[in-house]
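Notes to accompany the following structure.
Where a number appears in this text, it was derived from the coordinates with a stated rule and is not lab data. This is a predicted model, so every value here is computed, not measured. Virtual Cβ from ideal backbone geometry, glycine too; neighbours counted across all protein chains shown.
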Amino acid sequence: MADKGWVELLRGQAPDLDQMNRADLEFLGSATALGAQVKFLIAMVLDAAANKPAGAKSYGEKAVQAGATQAQVLDALRILRMFAGRPELATGCEALRQFDT
């Protein structure tokens, strides 16, 4: 049996934190002063900078689903490299897997 992910752990053990997490995801996916694609690109870069490849990949996919182009993902990765460096760029490149055909 596979281990539960952190979201499932929250859902089962901390409903209040699960609800906060759901509210955060709802905010990211909504158009406010920043569009959803921009917010997901920011989240992608932040997860990459924190060495969270699964999060970088997931948020990159969500950014594209919200309308971000491959060029926009690449621009975000360029900014990531400028401020965080090559190791973080490698992590952020997980978001490019969706374009690898």
Query raised in the report: Ordered by residue, what ³J(HN,Hα) values in Hz, to whole numbers, does segment 85-101 give under the Karplus form 6.51 cos²θ - 1.76 cosθ + 1.60, where θ = phi - 60° and Gly and Pro are x?
Result: x, 5, x, 5, 4, 4, 5, x, 5, 4, 5, 7, 4, 5, 9, 7, 10
Requested in this report: Convert each backbone phi in segment 36-48 into a coupling constant with the Karplus relation 6.51 cos²θ - 1.76 cosθ + 1.60 (shift: θ = phi - 60°), then list the ³J(HN,Hα) values in order as whole Hz, x for Gly and Pro.
Outcome: 4, 4, 5, 5, 5, 5, 4, 4, 4, 5, 5, 5, 4
Report summary line: Along segment 54-67, Karplus-curve 3J(HN,Hα) (6.51, -1.76, 1.60; θ = phi - 60°) to the nearest Hz, with x for Gly and Pro, reads 5, x, 4, 5, 4, 5, x, 5, 5, 4, 5, 4, 8, x
Report summary line: Sorted largest first, the Cα spans of the chain on the principal axes come out in Å as 38, 34, 29
Query raised in the report: Please state the relative contact order of segment 43-95 as a whole percent: Cα pairs under 8 Å, 6+ residues apart?
Result: 52
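Once you keep just the Cα pairs under 8 angstrom separated by 6 or more residues, what percentage relative contact order results for the chain?
Working: 108 pairs, mean separation 25.3, N = 101.
The value is 25 percent.
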Requested in this report: Scan segment 1-54 for trypsin sites (Lys or Arg not before Pro) in coil per DSSP, keeping those whose Cβ has at most 16 other Cβ atoms within 10 Å, and list them by number.
Outcome: Lys4
